[in-house]
Amino acid sequence: MTASTDDERSLIEAAQADPARFLELYDRYVDRVYAYVSRRAGSRVAAEDITSAVFEQALTKLSTFEWRGVPFAAWIFRIAANALTDHWRREGRDAHDPPPDVPDEREYRDLEQRVSLFQLVDRLPDTQRQVIQMRFVDGCSIRDVAVALGRSEGAVKQLQLRALESLRKSMGHHG
């Protein structure tokens, strides 16, 4: 077993003994589960609700979790996949669409990269973070961002450039 596996196992055992310790598992996995769910849920509100339900169910069923050498992440993603299936059934989605599945290795790496990127964006200076969010999440134009922030278009372009350079540099350090 690796140190990471030992650490994960001790966190699970601690949470099984004292449900208040579940917070450590939650903190470790919430960003990954949310990233997985948000790509499949159809809306931010649904993704937040489903992610919340996943961790509520995980806490409720944690006493039944048996350590078999399979990562806790696989167990939590199975709960998330089932929650998404239930969500789409309630929504009356076309029955011909396959239910969401647990991410494969490539998709799991993509999720990890996305989580890292979200965390790096959160560490940007406030104005740079706002520019990145407005431009790439909200889809605003340079002009719209400039108006919203009370800056010139040139200043917004510079803020965006600095933020992207900072993210590129940070992502290089994080693999």
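The values are calculated or read from the model by the stated rules, or taken from the named source; none is laboratory data. Values in this document were obtained by computation on a predicted structure and should not be read as measured data. Neighbour counts run over all protein chains shown; Cβ positions are idealised from the backbone, glycine included.
Does ALA15 count as under 28 Å from ASP138 (Cα atoms), more than 15 Å from the chain's Cα centre (by Cα), at pLDDT 85 or above and in a helix (DSSP H, G or I)?
So ALA15 fails the test.
Based on this model, can you work out whether SER63 counts as within 30 Å of ASP138 (Cβ to Cβ) and hydroxyl-bearing (Ser, Thr, Tyr)?
Spelling it out, it is not the case that SER63 is within 30 Å of ASP138 (Cβ to Cβ) and hydroxyl-bearing (Ser, Thr, Tyr).
Considering every residue within the range 136-155, establish whether at least one is closer than 22 Å to VAL37 by Cα, modelled with pLDDT under 90 and not in a loop (DSSP other than H, G, I, E, B).
yes
I need the full set of residues from the range 13-63 which are polar (S, T, N, Q), in contact with a helix residue (DSSP H, G or I) (Cβ under 8 Å, 6 or more places away or on another chain) and farther than 14 Å from ILE79 by Cα, in order please.
GLN16, SER38, SER63
Please identify the pairs in which a residue from the range 70-81 that is farther than 11 Å from GLU8 by Cβ has its Cβ atom under 8 Å from the Cβ atom of a residue that is among the charged types (D, E, K, R) and assigned to a helix (DSSP H, G or I), counting only partners at least 6 apart or on another chain.
Sorted first by the residue in the range 70-81, then by its partner, the pairs are ILE79/LYS61.
Of everything in the range 118-162, what is surrounded by 14 or more Cβ atoms within 10 Å (Cβ to Cβ) and among the basic types (Lys, Arg)? Give them in sequence order.
Matches in the range 118-162: ARG129, ARG135, ARG151, LYS157, ARG162.
Is it the case that ASP101 is more than 30 Å from GLN160 (Cβ to Cβ) and either at pLDDT below 75 or not in a helix (DSSP H, G or I) (or both)?
Criteria met by ASP101.
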